[in-house]
Amino acid sequence: MLTFFKGLGVGFLCLLLFVAGVVFNVEFLGKEANSNAMQLSTQIEAYTKLKPDIYEAEINFWANEKLSTTPNLSEAEKGQISQSFKEILARSAKDNFCTGGAYSLEANYSYENNLKIPKGQRLNATLQCEIKGENLNAFNAFLKDLNDIVTKSEFIGVSTPALVAVYSKETQRNTTEKLNDELLNKAYEYEKAYSTKLNKKCVLTEFSFNQNGMARNFQGVMMSAKSLENDAVSLPLTKEEELNARANLLFTCK
């Protein structure tokens, strides 16, 4: 029995020595290693150039002079306006270039001697359109058909829109993903380079995209001019624009 307790005591002593060794390594040697560690921070950038790939236009409808000076509309006249917009929406749906087109019609009043006097009507409607370059001829045919519908109406006016060159959401998303991947690859290249130069083991510990550094020129001001022939619109001149992205990096080297 005495031998058993002696063995137990020796085992317990060995356990204490092991725990003490672990504590020493963590508390003292670990601190010494951490005291030799260093941190490096830097910012990296990636960029690319690309051209706009779609074109946007806004078609506006309004009250012409007759409608804006007609104090009261008959039910038949209101029906004529409604029918015109049914035709406009039906034609718009055919090519699917545009969205929107709901119209608002309300009386416009003036005030004389505190009396509310109807003086005319206000009408507003907008079509938001988007096309690719190869759809220009079809879009001009669409505009001509809209103009023909409006010409038959006694009350509606319409604008001939200018095309604005922009980047599609898909292009923006794909380009941003490409730049972010490039930033990440650069970050790991920096990790290897710092390890070699400092003769230490450098590890990327923080990687954050610098949203304020994201420079985009997606909404260009390149607009088309209306042709003198048949009120057709033409594509605007475009050029490559730069998109760049930045990221902040932090490395810990030991």
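For region 169-201 and region 67-127, what is the centre-to-centre distance using only Cα atoms, to the nearest Å? Taking the Cα centre of region 67-127 as reference, the centre of region 169-201 is 56 Å away.
Tally Lys and Arg at +1 and Asp and Glu at -1 over the other residues with C-beta under 15 Å from the C-beta of Gly79: what net charge comes out? Each step should come with its number before you reach the end.
Working: positive: Lys78, Lys86, Lys152; negative: Glu75, Glu77, Glu87, Glu154.
Once positives and negatives cancel, what remains is -1.
Computed from point charges on the beta carbon alone (+1 for Lys and Arg, -1 for Asp and Glu), the dipole magnitude for region 56-165 about its Cα centre is near 180 Debye. For Asn64, the residues 5 or more places off, or on other chains, whose built amide H falls under 5 Å of its own are Ile156, Gly157.
Give me the net charge for the shell around Leu105: Cβ to Cβ below 13 angstrom, other residues only, Lys and Arg +1, Asp and Glu -1. With Lys, Arg at +1 and Asp, Glu at -1, the net is -1.
At q = 0.19, 0.23, 0.24, 0.29 Å⁻¹, what log₁₀ I(q)/I(0) does a Debye calculation on the Cα points of region 87-153 give, no solvent, two decimals? Log10 of I(q)/I(0), two decimals: -0.79, -1.00, -1.06, -1.29. Between Ser82 and Arg122, residue separation times 0.36 nm minus the direct Cα-Cα distance comes to 13.0 nm.
How much length, in nm to one decimal, is gained on full extension between Lys132 and Thr205, taken as 0.36 nm per residue of separation minus their Cα-Cα distance?
Working it through step by step, the gained length comes to 21.9 nm.
Across region 47-60, rounded Karplus estimates of 3J(HN,Hα) from the backbone phi angles (6.51 cos²θ - 1.76 cosθ + 1.60, θ = phi - 60°) give 8, 8, 10, 7, 10, x, 10, 9, 9, 10, 8, 10, 9, 10 Hz, Gly and Pro being marked x. Taking a ≥ b ≥ c as the square roots of the eigenvalues of the Cα gyration tensor of region 49-96, is the shape rounded (a/c under 1.5), prolate (a/b larger than b/c) or oblate? Because a/c hits 1.5 or more and a/b fails to exceed b/c, region 49-96 counts as oblate. Database remark: amide H of Leu235 closer than 5 angstrom to no amide H (H placed geometrically; neighbours at sequence offset of 5 or more, or on other chains; Pro and chain starts carry no H).
For region 25-184, the Kirkwood estimate of the hydrodynamic radius, built from every pair of different alpha carbons, is 20.6 Å.
All of the numbers you see were taken from the coordinates with simple rules; none came from a lab. Just so it is clear, the structure is predicted and the values come from calculations on it, not from any experiment. Please note: Cβ atoms are built from the backbone with ideal geometry, for glycine as well, and neighbour counts cover all protein chains shown.
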